[in-house]
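Since the structure comes first, as structure tokens, the remarks are kept for the end.
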Amino acid sequence: MRILNVGMFGLGNVGSGVARILNSNREIIEGRLGAGLRITRALVRDTGKPRDPATREIQFTTRIEDILEDPSIPVVVEVMGGVEPAHEFVSRAIRAGKHVVTANKSLLAAHGEEIFALADDADVDVYFEAAVGGAVPIIRTLREAMSSDRVSSLYGIMNGTSNFILSRMEAQKTSFESALAEAQRLGFAEPDPSMDIDGNDVAQKLSILTNLGFGANIPERNIYVEGIRSISLDDFRYGDEFGYTIRLLGIARQKAGRLDVRVHPVFVHKEHLLASVDGELNAFFVVCDAQGPSMLYGRGAGAMPTGSAIVADLIDVARNVMADSPARLSARQLWGRAHASPPQMDMGALECRYYLRFQVEDRSGVLGSIASVFGERGISLSDVIQRDRSSSQGNAVQVIFMTHESHEHKVQAALKIINAQEYVRGPAQVIRIEPELSAP
Ligand code: NAP
Ligand code: HSE
């Protein structure tokens, strides 16, 4: 039987998952592929580190040349993480004629266009299913199952850590801080959780998906991002009164000839499919013109789910190698520029309903003063809630306004004025209500 040798750039958490799957599923993989896959060499920082037993037969090295100059290795798996030196190493592997499978969203969000152009020039494959959604096959789905269709909108729960925290807060009525501490205890959240809870991880993944789904190359820095640090139990409580829960979403949708791309917490109707995605799971709700809506759902992280997506990519690459058909799917055509994409929409032009929660001094005229700022800017209110003061709030109360469809730029202008009033205690909490997700 033909054996394809695999080189690894990195063999930590995810790399060990790849090694374990190749060992435990060897027979299944060989049956389906008609060939074997063996990891022969792995580039790491420290060759003396204790490793997973599944890596016993692998030669470890700290010299990338040991892999690049080995003609028996046609494909490398990059699971080092970070932008540099992964960018340099992947570029060198492509120039050396190696196919690449990567799980690295930071690398692709920063240098995807260059890497895919390089791959096309070298006639090699670059596969990256594990970079977005772990085991959830959103890349394959956009690239293949939806290749005949026009994607009109995509809503993704793409960060398991944030979703775990939000669903824990809701289910256990616990604070953001204690849900985060629990996520860290269970190993879902990093000691520094900023990338996950501030929305940057989602923005990198969304940048990749806008390339595949919309042919638009929108870098992370051009994506509007808000994280979940300011979400409180009050927001869940008031949201519940209107039938909503809260999810951190990556959103890309075509609207009035523009591409609307953003990351922020969203009120989702409790009976919408996305509201049922709890814990560390990921989900992608995609609406296409011909297919209509679909949802993919599953594990977005972890050594085995992520390793499984990587091994499936390896099998695809191996099939291309065996059919002597490398770069069958032109990488450059997948990445941006595949078709004329609409220009990006300015965040100020967003139109949706808003939930606005203020902490204000409890005295006469305050409610009227806030409402008049909205009225003067043409922002129409649908609901107002004010509850009795609680003992912990002193003479402050929470006031909640729900708006009808309004423009972001008008809402932000109104908030700037209201937040500066002497009766307001701290900036308003803003949660957008997504029209397409506000009903079951
Ligand atoms: P990890 O456990 O930290 O492993 C990183 C590996 O890369 C280690 O083997 C390390 O060597 C090696 N490495 C790092 N820098 C290196 C350098 N400069 N030169 C040589 N080797 C280097 O990371 P991971 O959790 O497996 O994540 C890997 C990638 O998968 C990242 O891009 C991540 O975003 C992506 N990903 C991870 C998950 C997940 O659940 N963890 C899910 C989806 C995608 P040593 O072993 O010697 O330290
Ligand atoms: N840290 C990410 C998450 C997984 O929490 O979903 C890797 O992208």
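Could you check how many residues of the stretch 304-322 are within 16 Å of ligand 2 (Cβ to nearest atom) and surrounded by fewer than 19 Cβ atoms within 10 Å (Cβ to Cβ)? Residues flagged as within 16 Å of ligand 2 (Cβ to nearest atom) and surrounded by fewer than 19 Cβ atoms within 10 Å (Cβ to Cβ) within the stretch 304-322 amount to 1. Taking first residues from the stretch 77-106 that are touching a residue at least 60 places away in the same chain (Cβ under 8 Å) and under 14 Å from Val44 (Cα atoms) and partners that are among the polar types (S, T, N, Q) and in a loop (DSSP other than H, G, I, E, B), the Cβ contacts under 8 Å between residues at least 6 apart in sequence or on separate chains come to Glu78/Asn104; Val79/Asn104; Met80/Asn104; Gly81/Asn104; Ala86/Asn104.
The requirement of being of a type in the set (A, V, I, L, M, F, W, C) and within 30 Å of Gly215 (Cα to Cα) is fulfilled nowhere in the stretch 44-53; no residue meets it.
Please work out which residue is surrounded by the most Cβ atoms within 10 Å (Cβ to Cβ), limiting yourself to the stretch 188-229 and to residues that are among the basic types (Lys, Arg) and under 15 Å from the mean Cα position of the chain (by Cα). Quick ask: steps written out before the conclusion?
Residues of the stretch 188-229 among the basic types (Lys, Arg): 205, 221, 229.
Remaining after also requiring under 15 Å from the mean Cα position of the chain (by Cα): 205, 221.
Details: Lys205: 27, Arg221: 10.
Here the residue is Lys205.
Checking each residue in the stretch 51-62 for being more than 10 Å from ligand 1 (Cβ to nearest atom) and surrounded by fewer than 11 Cβ atoms within 10 Å (Cβ to Cβ) picks out Pro53, Arg56, Glu57.
Just to verify a result, which residue in the stretch 111-135, among those that are within 15 Å of ligand 2 (Cβ to nearest atom) and on the phi < 0 side of the Ramachandran plot, is nearest to the chain's Cα centre (by Cα)? The qualifying residue nearest to the chain's Cα centre (by Cα) is Val132.
Taking strands (runs of 3 or more DSSP E) as the structural unit, those lying wholly within the stretch 1-93 and holding at least 1 residues that are within 28 Å of the chain's Cα centre (by Cα) correspond to 3-9, 36-43, 75-78.
From the list Gly10, Gly31, Gly48, Gly82, pick out the single residue that is farther than 19 Å from Val124 by Cα, assigned by TED's automatic domain parsing to the domain that holds Val126, within 16 Å of ligand 2 (Cβ to nearest atom) and open to solvent by 30 Å² or more (accessible area, probe 1.4 Å). Even if it seems obvious, please write down each step before you answer.
Values: Gly10 fails: open to solvent by 30 Å² or more (accessible area, probe 1.4 Å); Gly31 fails: within 16 Å of ligand 2 (Cβ to nearest atom); Gly48 fails: within 16 Å of ligand 2 (Cβ to nearest atom).
Criteria check complete, one pass: Gly82.
Candidates are the residues of the stretch 127-153 that are outside any helix (DSSP H, G or I) and more than 14 Å from ligand 1 (Cβ to nearest atom); the one that is nearest to Asn282 (Cα to Cα) is Ser153.
Residue by residue through the stretch 230-263, note down the ones that are of a type in the set (D, E, K, R), under 13 Å from Ser153 (Cα atoms) and open to solvent by 10 Å² or more (accessible area, probe 1.4 Å). Steps first, answer last, please.
Going residue by residue through the stretch 230-263, those that are of a type in the set (D, E, K, R) are 234-235, 237, 240-241, 247, 253, 255, 258, 260, 262.
This time we only want the ones that are under 13 Å from Ser153 (Cα atoms), so: 253, 255, 258, 260, 262.
Within the stretch 230-263, Arg253, Lys255, Arg258 qualify.
Against the numbered list (1) within 12 Å of ligand 2 (Cβ to nearest atom); (2) open to solvent by 10 Å² or more (accessible area, probe 1.4 Å); (3) small (Gly, Ala, Ser), Ala183 comes up short only at (2). Considering each of Thr161, Thr141 in turn, give the residue that is of a type in the set (S, T, N, Q) and open to solvent by less than 20 Å² (accessible area, probe 1.4 Å). Only one candidate passes the filter, namely Thr161.
Quick grid of which residues meet (1) in the same structural domain as Ser153 (by TED's automatic domain parsing); (2) part of a helix (DSSP H, G or I); (3) open to solvent by 40 Å² or more (accessible area, probe 1.4 Å):
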residue: Val399; (1), (2), (3): no, no, no
residue: Met402; (1), (2), (3): no, no, no
residue: His409; (1), (2), (3): no, yes, yes
residue: Gln412; (1), (2), (3): no, yes, yes
residue: Ile417; (1), (2), (3): no, yes, yes
residue: Gln421; (1), (2), (3): no, no, yes
residue: Gly426; (1), (2), (3): no, no, no
residue: Val430; (1), (2), (3): no, no, no
residue: Pro440; (1), (2), (3): no, no, yes
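Out of Gly156, Gly187, one residue alone is within 16 Å of ligand 1 (Cβ to nearest atom) and part of a strand (DSSP E or B). It is Gly156.
If you filter the stretch 101-118 down to residues that are touching an Asp or Glu at 6+ places or on another chain (Cβ under 7 Å) and either assigned to a loop (DSSP other than H, G, I, E, B) or among the aliphatic types (A, V, I, L, M) (or both), you find that the one that is nearest to Trp335 (Cα to Cα) is Ala109. Here Leu43, Leu107, Leu118 are screened, and the one residue that is away from ligand 1 (no atom under 16 Å from the Cβ) and open to solvent by less than 60 Å² (accessible area, probe 1.4 Å) is Leu118.
The values are calculated or read from the model by the stated rules, or taken from the named source; none is laboratory data. Since the structure is predicted, the reported quantities are computational estimates derived from the model, not experimental observations. A quick note on method: Cβ atoms are made from the backbone with ideal geometry, for glycine too, and the neighbour counts reach across all protein chains shown. For the accessible areas, the whole protein counts, side chains as well, though only heavy atoms, and no ligand, DNA or RNA atoms are used. Shrake-Rupley method; radii C 1.70, N 1.55, O 1.52, S 1.80 Å.
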